[in-house]
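The structure appears below as structure tokens.
The values are calculated or read from the model by the stated rules, or taken from the named source; none is laboratory data. Keep in mind that this is a model prediction, so the values were computed, not measured. Glycine also receives a Cβ, built like all others from the backbone with ideal geometry; neighbour counts cover every protein chain displayed. The protein model used for the area step is the full one, side chains on, heavy atoms only, and it has no ligands, DNA or RNA in it. Shrake-Rupley method; radii C 1.70, N 1.55, O 1.52, S 1.80 Å.
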Amino acid sequence: MTTERPLPYIGISGVNNLKHNTDPENTSMQYWLMDQFTYAGIENRQDQPNQRQILLGVKAVHKTQYLDIENKYGNEWYPVGEQEFATALDEGGSKALKAAQIYFDPGSVADADYRNKFIERICERGKSWLNTLQFDMLPWQQNDAMLPFIEEVKQRTNHTIILQAHGESMQQLGAENVATQLGRYAHTLDYVLFDASHGKGVRLDPNALRPFLDKVYESKQLTSVGFGVAGGLSAEVVRNELTALVNTYPDLSWDTEGKVHGIHEDGTLGFDPNAAKDYLEASSNILSALPRAV
């Protein structure tokens, strides 16, 4: 069994190129973020485990991409309909993970036809840029059909797969059962993202996550799976809370969303470039403190 995990990532979720350009040169959000990732000194690291790739996440939820209607967060954060999703990112910067963050309707997720239709729609709409599928709030801990469904999606699409281990799954299963259940589908999963907050802005608690990370890193079945954490990750939380986890698990990935979005002067919700830049700089700082690979 291989022990090589995929290259870890630093993620920024809720990306959409449509509005609120982030610099005077009118650079799209995608390329601005990729530039900031490079300027922070992360992309050019050649030493494992310090090297990371960037992940750009685009929201793909039931309301905005199945019903094609705007939600309360606005279309800068959640692209609405086919055209906005198709242009949320583009094919440039091939090294980046470009993810559709899929959130099924809780009342319909048990319907296999609905799930398949939604996946087909997302893959078709994002075909010019999409290479990663992230499954958020999927009830895999209580519905035995969910992990086989992901396995089928992986076989059909060959996209990188990220499964969120959300708060409900962590609470219901506990650390040992999470590792055991995921271990049966290690061949399907590229990454597992532990996120107890899921958009609620709750500050990351490293002590609560550590038992889960201990178990999955110890698992002989999960040696080819990468692991990440999310939940309330601002630059300040990265520096003060994430450091301890990265020192123990130096190939850990992490992702932010809510803390790099805010309210614009016109009252709309959307991307905050200053917060994103600070987050990437903080991420670079804690990677710089890791021992260099020999």
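In the calculated pair-distance distribution of the range 78-125, the portion above 17 angstrom amounts to 43 percent of the Cα-Cα pairs. Hey, for a label at Asp113 modelled as a point 7 Å past Cα toward Cβ, could you say which residues of the range 138-166 have their backbone N under 18 Å away? Within reach of a label on Asp113: no residues. Over the C-alpha atoms of the chain, the Rg to Rh ratio, Rh being the Kirkwood estimate, stands at 0.94. Relative to the globular-protein estimate of 2.2 N^0.38 Å, the Cα radius of gyration of the range 141-208 stands at 1.17. Rounded to whole Å, the principal axis extents of the Cα atoms in the range 142-262 read 39, 32, 26, largest first.
Partner lysines whose Cα lies under 20 Å from the Cα of Lys259, excluding those fewer than 8 positions away in the same chain, are identified as Lys19, Lys59, Lys72, Lys98, Lys200, Lys277.
Sequence-ordered 3J(HN,Hα) estimates for the range 64-81 from the Karplus curve with 6.51, -1.76 and 1.60 and θ = phi - 60° stand at 8, 10, 10, 8, 6, 10, 5, 9, 5, 8, x, 7, 5, 8, 10, x, 10, x Hz, glycine and proline given as x. Computed over protein heavy atoms with a 1.4 Å probe, the carbon and sulfur contribution to the accessible area of the chain reaches 46%. Normalising the average separation of contacting C-alpha pairs (under 8 angstrom, six or more residues apart) by the number of residues puts the relative contact order of the chain at 21 percent. Between the range 200-277 and the range 104-157, the C-alpha centres lie 23 angstrom from each other.
Excluding ligands, DNA and RNA, the accessible surface per residue across the range 115-266 is 41 Å² with a 1.4 Å probe. Return the tail of the calculated pair distribution for the range 101-152, meaning the percent of Cα-Cα pairs more than 13 Å apart. Result: 59 percent of Cα pairs exceed 13 Å.
Of all DSSP beta bridges confined to the chain, the antiparallel ones make up roughly 10%.
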